[in-house]
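Input: a single structure, listed below in C-alpha coordinates.
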(Lines give C-alpha, C1' and ligand atoms only; values in the text may rest on other atoms or scores of the structure.)
Protein backbone atom coordinates (compact mmCIF):
# COMPACT_ATOMS: atom_id res chain seq x y z
CA UNK A 1 0.00 0.00 0.00
CA UNK A 2 2.83 2.52 -0.16
CA UNK A 3 2.42 5.56 -2.35
CA UNK A 4 5.69 7.14 -3.41
CA UNK A 5 5.90 10.42 -5.30
CA UNK A 6 9.23 11.39 -6.90
CA UNK A 7 9.55 14.97 -8.10
CA UNK A 8 12.55 15.75 -10.32
CA UNK A 9 13.34 18.51 -12.77
CA UNK A 10 12.20 17.90 -16.34
CA UNK A 11 15.61 17.18 -17.86
CA UNK A 12 15.17 14.20 -20.16
CA UNK A 13 14.52 11.30 -17.78
CA UNK A 14 14.37 8.28 -20.09
CA UNK A 15 11.75 5.52 -19.94
CA UNK A 16 14.53 3.13 -18.90
CA UNK A 17 15.51 5.39 -15.99
CA UNK A 18 11.85 5.63 -14.92
CA UNK A 19 11.66 1.84 -14.95
CA UNK A 20 14.83 1.65 -12.83
CA UNK A 21 13.40 4.15 -10.33
CA UNK A 22 10.08 2.25 -10.09
CA UNK A 23 11.80 -1.11 -9.67
CA UNK A 24 14.38 0.23 -7.22
CA UNK A 25 11.88 2.01 -4.97
CA UNK A 26 9.40 -0.88 -5.06
CA UNK A 27 12.19 -3.30 -4.12
CA UNK A 28 13.34 -1.06 -1.26
CA UNK A 29 9.82 -0.99 0.22
CA UNK A 30 9.56 -4.75 -0.15
CA UNK A 31 12.97 -5.43 1.41
CA UNK A 32 12.79 -2.88 4.24
CA UNK A 33 9.08 -2.80 5.14
CA UNK A 34 7.85 -6.05 3.54
CA UNK A 35 5.35 -4.13 1.41
CA UNK A 36 3.47 -5.92 -1.37
CA UNK A 37 4.75 -4.72 -4.80
CA UNK A 38 1.33 -5.30 -6.43
CA UNK A 39 -0.12 -2.50 -4.27
CA UNK A 40 2.90 -0.19 -4.30
CA UNK A 41 2.43 2.96 -6.39
CA UNK A 42 5.35 5.05 -7.62
CA UNK A 43 4.43 8.29 -9.40
CA UNK A 44 7.13 10.42 -11.06
CA UNK A 45 6.51 14.13 -11.63
CA UNK A 46 8.86 15.97 -14.02
CA UNK A 47 8.85 19.67 -13.11
CA UNK A 48 9.75 22.40 -15.61
CA UNK A 49 12.99 24.25 -14.83
CA UNK A 50 11.08 27.55 -14.58
CA UNK A 51 8.79 25.94 -12.02
CA UNK A 52 11.39 24.81 -9.48
CA UNK A 53 13.15 27.29 -7.24
CA UNK A 54 16.10 26.68 -4.88
CA UNK A 55 18.04 29.32 -2.93
CA UNK A 56 16.05 32.21 -4.47
CA UNK A 57 16.86 31.02 -8.02
CA UNK A 58 14.80 29.32 -10.69
CA UNK A 59 16.60 26.14 -11.80
CA UNK A 60 16.44 27.41 -15.40
CA UNK A 61 18.63 30.37 -14.37
CA UNK A 62 20.97 28.11 -12.40
CA UNK A 63 21.42 25.88 -15.42
CA UNK A 64 22.18 28.92 -17.64
CA UNK A 65 24.83 30.17 -15.19
CA UNK A 66 26.39 26.69 -15.13
CA UNK A 67 26.48 26.49 -18.94
CA UNK A 68 28.14 29.90 -19.40
CA UNK B 1 -12.18 24.10 3.07
CA UNK B 2 -11.41 20.59 1.86
CA UNK B 3 -8.67 20.15 -0.71
CA UNK B 4 -8.97 16.96 -2.72
CA UNK B 5 -6.33 15.78 -5.17
CA UNK B 6 -7.22 12.98 -7.60
CA UNK B 7 -4.34 11.38 -9.45
CA UNK B 8 -5.26 9.13 -12.39
CA UNK B 9 -3.36 7.87 -15.40
CA UNK B 10 -3.51 10.10 -18.46
CA UNK B 11 -5.89 7.98 -20.55
CA UNK B 12 -8.37 10.39 -22.12
CA UNK B 13 -10.45 11.61 -19.17
CA UNK B 14 -13.14 13.77 -20.82
CA UNK B 15 -14.22 17.20 -19.60
CA UNK B 16 -17.62 15.70 -18.77
CA UNK B 17 -15.99 13.02 -16.61
CA UNK B 18 -13.92 15.66 -14.83
CA UNK B 19 -17.12 17.60 -14.13
CA UNK B 20 -18.75 14.43 -12.75
CA UNK B 21 -15.74 13.78 -10.49
CA UNK B 22 -15.74 17.38 -9.20
CA UNK B 23 -19.48 17.37 -8.57
CA UNK B 24 -19.47 13.91 -7.02
CA UNK B 25 -16.57 14.56 -4.64
CA UNK B 26 -17.86 18.00 -3.67
CA UNK B 27 -21.30 16.54 -2.94
CA UNK B 28 -19.78 13.72 -0.84
CA UNK B 29 -17.90 16.24 1.32
CA UNK B 30 -21.05 18.30 1.71
CA UNK B 31 -23.25 15.32 2.57
CA UNK B 32 -20.79 13.50 4.87
CA UNK B 33 -18.85 16.33 6.53
CA UNK B 34 -21.15 19.31 5.85
CA UNK B 35 -18.34 21.12 4.01
CA UNK B 36 -19.12 24.30 2.07
CA UNK B 37 -18.87 23.64 -1.72
CA UNK B 38 -17.76 27.22 -2.41
CA UNK B 39 -14.50 26.55 -0.53
CA UNK B 40 -14.01 22.93 -1.64
CA UNK B 41 -11.14 22.47 -4.12
CA UNK B 42 -10.84 19.39 -6.30
CA UNK B 43 -7.65 19.14 -8.39
CA UNK B 44 -7.23 16.35 -10.96
CA UNK B 45 -3.73 15.31 -12.02
CA UNK B 46 -3.42 13.15 -15.17
CA UNK B 47 -0.14 11.20 -14.96
CA UNK B 48 1.66 9.87 -18.04
CA UNK B 49 1.69 6.06 -18.34
CA UNK B 50 5.51 6.07 -18.27
CA UNK B 51 5.38 8.04 -15.02
CA UNK B 52 3.23 5.66 -12.97
CA UNK B 53 4.62 2.40 -11.64
CA UNK B 54 2.76 -0.45 -9.92
CA UNK B 55 4.19 -3.84 -8.92
CA UNK B 56 7.60 -3.10 -10.50
CA UNK B 57 6.00 -2.23 -13.87
CA UNK B 58 5.40 1.04 -15.67
CA UNK B 59 1.70 1.32 -16.55
CA UNK B 60 2.70 1.86 -20.21
CA UNK B 61 4.22 -1.64 -20.22
CA UNK B 62 1.21 -3.11 -18.45
CA UNK B 63 -1.12 -1.62 -21.04
CA UNK B 64 1.04 -3.04 -23.89
CA UNK B 65 0.93 -6.52 -22.36
CA UNK B 66 -2.86 -6.25 -21.98
CA UNK B 67 -3.29 -5.15 -25.63
CA UNK B 68 -1.18 -8.00 -27.07
CA UNK C 1 -4.78 2.83 -9.94
CA UNK C 2 -6.20 6.16 -8.77
CA UNK C 3 -4.63 7.84 -5.77
CA UNK C 4 -6.94 10.28 -4.02
CA UNK C 5 -5.80 12.55 -1.19
CA UNK C 6 -8.47 14.32 0.87
CA UNK C 7 -7.25 17.10 3.16
CA UNK C 8 -9.75 18.38 5.73
CA UNK C 9 -9.40 20.27 8.97
CA UNK C 10 -8.94 18.14 12.07
CA UNK C 11 -12.43 18.58 13.55
CA UNK C 12 -13.52 15.15 14.75
CA UNK C 13 -14.05 13.19 11.54
CA UNK C 14 -15.44 9.86 12.77
CA UNK C 15 -14.32 6.43 11.55
CA UNK C 16 -17.78 5.98 10.03
CA UNK C 17 -17.44 9.22 8.07
CA UNK C 18 -13.98 8.15 6.85
CA UNK C 19 -15.50 4.87 5.68
CA UNK C 20 -18.25 6.78 3.84
CA UNK C 21 -15.67 9.04 2.16
CA UNK C 22 -13.53 6.05 1.09
CA UNK C 23 -16.53 4.12 -0.24
CA UNK C 24 -18.05 7.15 -1.93
CA UNK C 25 -14.86 8.26 -3.69
CA UNK C 26 -13.94 4.70 -4.71
CA UNK C 27 -17.42 4.19 -6.15
CA UNK C 28 -17.24 7.48 -8.06
CA UNK C 29 -13.96 6.45 -9.70
CA UNK C 30 -15.42 3.06 -10.57
CA UNK C 31 -18.66 4.49 -11.99
CA UNK C 32 -17.14 7.45 -13.87
CA UNK C 33 -13.73 6.14 -14.98
CA UNK C 34 -14.20 2.37 -14.59
CA UNK C 35 -11.28 2.20 -12.16
CA UNK C 36 -10.61 -1.00 -10.23
CA UNK C 37 -11.47 -0.52 -6.50
CA UNK C 38 -8.80 -3.02 -5.42
CA UNK C 39 -6.10 -0.65 -6.69
CA UNK C 40 -7.77 2.63 -5.71
CA UNK C 41 -6.10 4.40 -2.77
CA UNK C 42 -7.88 7.06 -0.73
CA UNK C 43 -5.75 8.82 1.90
CA UNK C 44 -7.34 11.27 4.35
CA UNK C 45 -5.17 13.94 6.00
CA UNK C 46 -6.64 15.77 9.02
CA UNK C 47 -4.91 19.15 9.33
CA UNK C 48 -4.69 21.07 12.61
CA UNK C 49 -6.71 24.31 12.70
CA UNK C 50 -3.52 26.29 13.36
CA UNK C 51 -1.99 24.73 10.24
CA UNK C 52 -4.64 25.74 7.69
CA UNK C 53 -4.94 29.31 6.50
CA UNK C 54 -7.64 30.84 4.30
CA UNK C 55 -8.06 34.54 3.42
CA UNK C 56 -5.12 35.60 5.64
CA UNK C 57 -6.64 33.85 8.68
CA UNK C 58 -5.76 30.66 10.52
CA UNK C 59 -8.85 28.44 10.70
CA UNK C 60 -8.43 28.31 14.50
CA UNK C 61 -9.00 32.08 14.61
CA UNK C 62 -11.94 31.84 12.22
CA UNK C 63 -13.58 29.23 14.42
CA UNK C 64 -13.05 31.41 17.51
CA UNK C 65 -14.69 34.41 15.81
CA UNK C 66 -17.63 32.20 14.77
CA UNK C 67 -18.07 30.88 18.32
CA UNK C 68 -18.07 34.32 19.96
CA UNK D 1 14.93 22.31 4.37
CA UNK D 2 11.45 23.62 3.66
CA UNK D 3 9.57 22.24 0.68
CA UNK D 4 6.85 24.54 -0.61
CA UNK D 5 4.40 23.54 -3.33
CA UNK D 6 2.28 26.26 -4.97
CA UNK D 7 -0.63 25.09 -7.09
CA UNK D 8 -2.29 27.73 -9.29
CA UNK D 9 -4.47 27.56 -12.37
CA UNK D 10 -2.61 27.50 -15.68
CA UNK D 11 -3.37 31.06 -16.77
CA UNK D 12 -0.14 32.47 -18.17
CA UNK D 13 2.11 32.84 -15.11
CA UNK D 14 5.23 34.54 -16.50
CA UNK D 15 8.81 33.54 -15.71
CA UNK D 16 9.24 36.85 -13.91
CA UNK D 17 6.20 36.14 -11.71
CA UNK D 18 7.57 32.66 -10.92
CA UNK D 19 10.87 34.25 -9.90
CA UNK D 20 8.99 36.71 -7.65
CA UNK D 21 7.05 33.85 -6.04
CA UNK D 22 10.24 31.81 -5.44
CA UNK D 23 12.12 34.78 -4.02
CA UNK D 24 9.18 35.96 -1.91
CA UNK D 25 8.42 32.56 -0.37
CA UNK D 26 12.10 31.78 0.22
CA UNK D 27 12.57 35.14 1.94
CA UNK D 28 9.49 34.59 4.12
CA UNK D 29 10.84 31.24 5.34
CA UNK D 30 14.22 32.82 6.02
CA UNK D 31 12.76 35.82 7.88
CA UNK D 32 10.07 33.96 9.87
CA UNK D 33 11.65 30.56 10.53
CA UNK D 34 15.34 31.29 9.84
CA UNK D 35 15.44 28.61 7.13
CA UNK D 36 18.47 28.31 4.87
CA UNK D 37 17.59 29.47 1.30
CA UNK D 38 20.12 27.07 -0.24
CA UNK D 39 18.02 24.13 0.97
CA UNK D 40 14.58 25.69 0.44
CA UNK D 41 12.64 24.18 -2.48
CA UNK D 42 9.69 25.97 -4.08
CA UNK D 43 7.81 23.99 -6.74
CA UNK D 44 5.05 25.64 -8.79
CA UNK D 45 2.35 23.47 -10.40
CA UNK D 46 0.16 25.08 -13.09
CA UNK D 47 -3.13 23.19 -13.25
CA UNK D 48 -5.35 23.16 -16.36
CA UNK D 49 -8.68 24.98 -15.96
CA UNK D 50 -10.55 21.74 -16.74
CA UNK D 51 -8.63 20.04 -13.94
CA UNK D 52 -9.51 22.37 -11.08
CA UNK D 53 -12.98 22.35 -9.53
CA UNK D 54 -14.43 24.74 -6.96
CA UNK D 55 -18.04 24.83 -5.71
CA UNK D 56 -19.17 22.07 -8.10
CA UNK D 57 -17.79 23.95 -11.13
CA UNK D 58 -14.74 23.44 -13.31
CA UNK D 59 -12.71 26.67 -13.40
CA UNK D 60 -12.92 26.60 -17.21
CA UNK D 61 -16.71 26.94 -16.95
CA UNK D 62 -16.40 29.66 -14.31
CA UNK D 63 -14.09 31.64 -16.57
CA UNK D 64 -16.52 31.28 -19.51
CA UNK D 65 -19.41 32.56 -17.40
CA UNK D 66 -17.28 35.52 -16.28
CA UNK D 67 -16.31 36.38 -19.87
CA UNK D 68 -19.87 36.33 -21.21
CA UNK E 1 -7.84 29.53 -5.93
CA UNK E 2 -4.19 28.89 -5.11
CA UNK E 3 -3.37 25.97 -2.86
CA UNK E 4 -0.02 26.28 -1.12
CA UNK E 5 1.53 23.50 0.95
CA UNK E 6 4.49 24.34 3.19
CA UNK E 7 6.41 21.39 4.62
CA UNK E 8 8.89 22.18 7.40
CA UNK E 9 10.53 20.11 10.10
CA UNK E 10 8.60 19.85 13.34
CA UNK E 11 10.77 22.16 15.44
CA UNK E 12 8.41 24.33 17.46
CA UNK E 13 6.79 26.59 14.85
CA UNK E 14 4.66 28.97 16.93
CA UNK E 15 1.08 29.96 16.13
CA UNK E 16 2.32 33.50 15.50
CA UNK E 17 4.87 32.24 12.96
CA UNK E 18 2.16 30.19 11.25
CA UNK E 19 0.00 33.30 11.03
CA UNK E 20 2.94 35.23 9.52
CA UNK E 21 3.53 32.48 6.95
CA UNK E 22 -0.18 32.38 5.99
CA UNK E 23 -0.43 36.16 5.71
CA UNK E 24 2.88 36.50 3.87
CA UNK E 25 2.16 33.78 1.29
CA UNK E 26 -1.44 34.95 0.76
CA UNK E 27 -0.22 38.52 0.23
CA UNK E 28 2.45 37.37 -2.24
CA UNK E 29 -0.14 35.55 -4.35
CA UNK E 30 -2.41 38.59 -4.24
CA UNK E 31 0.36 41.03 -5.16
CA UNK E 32 2.09 38.91 -7.84
CA UNK E 33 -0.79 36.97 -9.40
CA UNK E 34 -3.81 39.00 -8.25
CA UNK E 35 -5.28 35.95 -6.53
CA UNK E 36 -8.31 36.34 -4.25
CA UNK E 37 -7.27 35.80 -0.57
CA UNK E 38 -10.72 34.43 0.32
CA UNK E 39 -10.05 31.39 -1.90
CA UNK E 40 -6.33 31.01 -1.17
CA UNK E 41 -5.49 27.97 0.96
CA UNK E 42 -2.19 27.65 2.83
CA UNK E 43 -1.58 24.32 4.58
CA UNK E 44 1.45 23.83 6.82
CA UNK E 45 2.78 20.32 7.46
CA UNK E 46 5.24 19.86 10.35
CA UNK E 47 7.34 16.75 9.67
CA UNK E 48 9.05 14.76 12.41
CA UNK E 49 12.87 14.93 12.36
CA UNK E 50 13.05 11.15 11.93
CA UNK E 51 10.79 11.45 8.91
CA UNK E 52 12.84 13.91 6.85
CA UNK E 53 16.03 12.84 5.12
CA UNK E 54 18.59 15.01 3.32
CA UNK E 55 21.95 13.88 1.90
CA UNK E 56 21.53 10.31 3.21
CA UNK E 57 20.91 11.55 6.78
CA UNK E 58 17.80 11.79 8.91
CA UNK E 59 17.42 15.36 10.16
CA UNK E 60 17.28 14.02 13.73
CA UNK E 61 20.84 12.71 13.31
CA UNK E 62 21.96 15.96 11.69
CA UNK E 63 20.61 17.94 14.63
CA UNK E 64 22.40 15.63 17.10
CA UNK E 65 25.72 16.08 15.30
CA UNK E 66 25.21 19.86 15.32
CA UNK E 67 24.45 19.89 19.07
CA UNK E 68 27.51 17.83 20.04
CA UNK F 1 17.08 18.63 -6.20
CA UNK F 2 14.72 15.66 -6.09
CA UNK F 3 11.88 15.69 -3.60
CA UNK F 4 10.58 12.24 -2.71
CA UNK F 5 7.50 11.66 -0.57
CA UNK F 6 6.87 8.15 0.79
CA UNK F 7 3.43 7.50 2.27
CA UNK F 8 3.04 4.29 4.25
CA UNK F 9 0.56 3.11 6.85
CA UNK F 10 1.45 3.96 10.45
CA UNK F 11 2.48 0.47 11.56
CA UNK F 12 5.64 0.90 13.62
CA UNK F 13 8.27 1.92 11.06
CA UNK F 14 11.49 2.03 13.09
CA UNK F 15 14.09 4.81 12.94
CA UNK F 16 16.52 2.30 11.42
CA UNK F 17 14.03 1.45 8.65
CA UNK F 18 13.50 5.16 7.96
CA UNK F 19 17.27 5.58 7.67
CA UNK F 20 17.41 2.64 5.23
CA UNK F 21 14.61 4.14 3.14
CA UNK F 22 16.30 7.56 3.04
CA UNK F 23 19.69 6.09 2.15
CA UNK F 24 18.26 3.67 -0.40
CA UNK F 25 16.14 6.25 -2.23
CA UNK F 26 18.90 8.88 -2.16
CA UNK F 27 21.36 6.36 -3.57
CA UNK F 28 18.91 5.33 -6.32
CA UNK F 29 18.52 8.95 -7.44
CA UNK F 30 22.28 9.40 -7.40
CA UNK F 31 23.00 6.20 -9.33
CA UNK F 32 20.17 6.48 -11.88
CA UNK F 33 19.82 10.23 -12.41
CA UNK F 34 23.15 11.51 -11.01
CA UNK F 35 21.31 13.68 -8.49
CA UNK F 36 23.27 15.40 -5.71
CA UNK F 37 22.46 13.76 -2.31
CA UNK F 38 23.01 17.05 -0.45
CA UNK F 39 19.95 18.51 -2.17
CA UNK F 40 17.80 15.36 -2.23
CA UNK F 41 14.86 15.47 0.18
CA UNK F 42 13.05 12.32 1.30
CA UNK F 43 9.94 12.88 3.44
CA UNK F 44 8.12 9.91 5.03
CA UNK F 45 4.45 10.26 5.97
CA UNK F 46 2.97 7.60 8.29
CA UNK F 47 -0.79 7.49 7.73
CA UNK F 48 -3.23 6.19 10.36
CA UNK F 49 -4.97 2.92 9.44
CA UNK F 50 -8.36 4.64 9.68
CA UNK F 51 -7.14 7.26 7.21
CA UNK F 52 -6.11 4.96 4.35
CA UNK F 53 -8.70 3.25 2.19
CA UNK F 54 -8.19 0.60 -0.48
CA UNK F 55 -10.90 -1.31 -2.38
CA UNK F 56 -13.74 0.32 -0.39
CA UNK F 57 -12.17 -0.71 2.94
CA UNK F 58 -10.32 1.20 5.63
CA UNK F 59 -6.95 -0.49 6.26
CA UNK F 60 -7.88 -0.75 9.95
CA UNK F 61 -10.80 -3.00 8.99
CA UNK F 62 -8.62 -5.01 6.62
CA UNK F 63 -6.08 -5.62 9.37
CA UNK F 64 -8.86 -6.75 11.77
CA UNK F 65 -10.20 -9.22 9.23
CA UNK F 66 -6.67 -10.58 8.67
CA UNK F 67 -6.09 -11.00 12.43
CA UNK F 68 -9.33 -12.90 13.04
Is there any pair linking a residue in the range B:24-53 that is within 7 Å of another protein chain (Cβ to nearest Cβ) and within 17 Å of residue A:8 (Cα to Cα) to one that is modelled with pLDDT of 95 or more and assigned to a helix (DSSP H, G or I), with Cβ under 7 Å and at least six apart or on different chains, and which? B:50/A:15; B:50/A:18; B:50/B:60; B:51/A:18; B:52/B:59; B:53/A:22; B:53/A:26
Residue that is surrounded by the fewest Cβ atoms within 10 Å (Cβ to Cβ), among those in the range A:1-14 that are touching a strand residue (DSSP E or B) at 6+ places or on another chain (Cβ under 7 Å) and more than 11 Å from chain D (Cβ to nearest Cβ): A:10
Suppose the filter is touching a residue at least 12 places away in the same chain (Cβ under 8 Å), within 16 Å of residue C:41 (Cα to Cα) and more than 11 Å from the chain's Cα centre (by Cα); does residue F:59 pass it? yes
Can you tell me which residues in the range E:18-36 are surrounded by fewer than 17 Cβ atoms within 10 Å (Cβ to Cβ) and closer than 26 Å to residue C:46 by Cα? E:20, E:27, E:36
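The values are calculated or read from the model by the stated rules, or taken from the named source; none is laboratory data. Source: prediction; values computed, not measured. When we count neighbours, we look across all protein chains shown, and the Cβ atoms used for this are built from the backbone with ideal geometry, even at glycine.
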